[in-house]
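Working notes, beginning with the structure itself.
The values are calculated or read from the model by the stated rules, or taken from the named source; none is laboratory data. Remember, predicted model here, so these are calculated numbers, not experimental data. When we count neighbours, we look across all protein chains shown, and the Cβ atoms used for this are built from the backbone with ideal geometry, even at glycine. Each accessible area value is taken on the protein alone, full model and side chains, heavy atoms only, with ligands, DNA and RNA left out. Shrake-Rupley method; radii C 1.70, N 1.55, O 1.52, S 1.80 Å.
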Amino acid sequence: MSINQEIKPITAKRDGNLYIGGCDLTEIAKKYGTPLYVIDEQSLREICKEYKKTFEDYKNIHMTYASKALCSSAITKILFDEGFGFDVVSEGETYTVYKAGVDMSKVTFNGNNKSKSEIELALKCGVGRFSVDNFYEAKVLNDIAGKMGKEANILLRITPGIECHTHEYIKTGQIDSKFGFDLSQIDEIIDLIKSKYKNLSIKGLHSHIGSQIFELKSYCDEIDILVKELVSLNNRHCLSMNELNIGGGLGVKYTDNDNPPSVQEFGETIKNSVKSVCEKYNINPPIIYIEPGRSIISTAGVTLYTIGSTKQVPNGRKYITIDGGMADNPRPSMYNAIYSAEIANNTDNRNNEVVTIAGRYCESGDILIENIELPAPQSGDTLCVYCTGAYNYSMSSNYNRVQKPAMALVNNSQSDIIVNRESLEDLIRLDVIPDRLRR
Ligand code: LLP
C-alpha cells in the first residue's frame, strides 16, 4: 500500500488517546492550541522515498514538489533533503524555496500570469525552468531576460485536450482552459521565439491535466499527445526539445469511498507509457518532470480542533461546532470535499452518533463534515481531521479576522512548531490609518 492510499498518517496509533509521530494529539492540542495543523514527518519522508524508488530505474526523472499544496520553509527543507525539486507559481513560493537553501536549478516556475517582478525574482534566483503559458508571457519573459543579460530555459505549456474525472474547478487539461497554449498555437509561438525571442531557449513541453486523479489512463493519453507533439515540433522546427513535464495530479484517499492508484501504479504507468510511445515514434526517452503536490503532503497532515458548542435541531441534525472551519480548510465549501475524522482523546465507553461538524465562521455553508459517525462528541474534545496536508494551510484565509493556525511537525515522539500561530498584532500589522483619520 502506498501512503496516498491511506486516510491516516502511517504513524497513527490509538492507545486510549490518538497518537501521530509518537505524540499524543490531545497533549499537542493543549500545548500549542487549536486549530493546529500537524504534519507527520515520517509519512512525508516515506512517500518521497516511494516516489524515488518507483522512478529510480528511469534515468532522466526530475521530481518537483508542487509547492502550492503546502509551502513552508521546514516542509521545503524536508522535501529538498529527500531529493525533490520544486514547482513554484509566485514570488512568495520562489522566495520561500530560495531562502530554504534549495538548488534553484531544480525549480520550475509555473503560472498563467506571472508578473514582471515575479519573473525578475525567478531569473535572479536562477530557477531552472519557466513553463511559458501564453504569448504575452513569452514576450515579457524574453524582454526581462534580455535586460538582465540572462537566457531563460523554457517549457511550453500546452492544453492537451484531456478530460479527466475530477471536480470541475480542479480540471486543467481540457481544451477550454485558461492554462497553456492550444495545440493549434504552438507553431506560431515557436516561430516567434525562434525569430524574435532570442533570450528564450526551448527545452520541451509541459502540461498538467488536473488534480485528485484516479484514472491512470488519463496520463497515458497525456503522454501520447506530449510525445507526439514533441516529435512533430522537433521535426517541423528543427528543434531538439527533449524534456516533458507531465504535471501532478495523483489522487489521495480522503474517505473509505476513495480508491486512488498507488505511487507505484502511477510510476509504472508513466514509465511504460513513455517507453511504448517513444518506441512508437522511434525516439530516445525524454527527460521527464513530474509535479506531485497533493499525493506528497496530504496524508501526512491532520488538523486538530477543539469542540465547543453543540446544537441538537429538534427532530433534525446534531451540530458539533469546532474552533476552525472554512478559513483553515475551504475545500468542503469550495469543492464539496469530504473528510474523515476521529475524536483524538479517549473515547472508550462512548456510543457512536451521527453528527455534523460545523465551522465557527459566519456563513451557513461553513460545514466541515456532514453526517459523520463519531463517539458522542462533547465540548472540550479534540477533533482530528485526516488528510488535510494539501490545499488547507495553503488556501487558508483570515475570514472573520481570525488568526491563521499554527503548524507542528511531529516525529519520534518529538513535536516542533514549524509555522507560528498568527497573533492579533499580525492581523493589524499591515493596516494603515491615514493621518486625516487620526484627528
Ligand atoms: N503542476 C501544476 C502545473 C499544477 O497546476 C498543479 C496543481 C500541480 C502540479 C499539483 O497537482 P497535485 O499533484 O497537487 O494534484 N486547490 C485544489 C487543487 C488545485 C490544484 C492546482 N494545480 C484542491 O484543493 O483540490
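Quick notes on this structure:
- The sole residue among TYR305, TYR281, TYR319 that is open to solvent by 20 Å² or more (accessible area, probe 1.4 Å), over 26 Å from ILE154 (Cβ atoms), more than 16 Å from the ligand (Cβ to nearest atom) and among the aromatic types (Phe, Trp, Tyr) is TYR319.
- ARG236, sole failed condition from (1) over 26 Å from the mean Cα position of the chain (by Cα); (2) surrounded by 16 or more Cβ atoms within 10 Å (Cβ to Cβ): (2)
- Residues being within 16 Å of the ligand (Cβ to nearest atom) and aliphatic (A, V, I, L, M) - total across the stretch 228-253: 4
- Contact map, the stretch 63-74: first residue more than 9 Å from the ligand (Cβ to nearest atom) and polar (S, T, N, Q), second residue open to solvent by 10 Å² or more (accessible area, probe 1.4 Å) and assigned to a strand (DSSP E or B), Cβ cut-off under 8 Å, separation 6 or more or different chains; pairs are SER72/ILE418; SER72/VAL419; SER73/ILE418.
- Qualifying residues in the stretch 374-393 (those that are aliphatic (A, V, I, L, M) and over 26 Å from the mean Cα position of the chain (by Cα)) - the one farthest from the ligand (Cβ to nearest atom): ALA376
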